[in-house]
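**Q** What follows is a structure written as structure tokens; I'll ask about it next.
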Amino acid sequence: MIRWGWTSGGGHMLVLRGYNTSGNLINYVNPLESTYQVKSIASLQSGSNYTWTHSRTGIHG
């Protein structure tokens with residue numbers, strides 16, 4: 001999981017599904033939209049209204 005911090009405050013978690021190292025692409029799920037999406041690593045790191053603030057790993061249920 002990664003967290004996007006909104007520039008206006010607050011944040012949002014995304015679930016990572018996989019990656020393509022040759023294209024620097026990451027597959028992820030956006031729970032707000034319930035959709036699978038693909039973005040470049042650079043696009044996931046920051047955009048016009050968000051920044052990748054941290055990651056969560058090793059979550060067990």
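Computed from the coordinates by the stated procedures, all read-outs in this text should not be read as laboratory data. For clarity, every value in this text was computed on a predicted model and none was experimentally measured. Note that each Cβ is placed from the backbone with ideal geometry, even for glycine, and that neighbours are counted across all protein chains shown.
**Q** Estimate the FRET efficiency between S48 and L25 by the formula 1/(1 + (r/R0)^6), using the beta-carbon distance for r and 25 Å for R0, to the nearest 0.05.
**A** Calculated transfer efficiency: 0.80.
**Q** Return the sequence-ordered ³J(HN,Hα) values of the range 20-34 in whole Hz as given by the Karplus equation 6.51 cos²θ - 1.76 cosθ + 1.60 applied to θ = phi - 60°, using x for Gly and Pro.
**A** With the stated coefficients, the range 20-34 comes to 10, 5, 6, x, 6, 10, 10, 8, 8, 10, 9, x, 5, 9, 6 Hz.
**Q** For the chain, restrict the atom set to alpha-carbon positions and state the Rg and Dmax in Å.
**A** 11.6, 34
**Q** How much length is gained on full extension from L16 to V38, taking 0.36 nm per residue of separation minus their Cα-Cα distance?
**A** Taking L16 through V38 to full extension adds about 6.9 nm, to one decimal.
**Q** What number, in percent, do you get for the relative contact order of the chain if the mean sequence gap of Cα pairs under 8 Å and at least 6 apart is divided by its residue count?
**A** 35 percent
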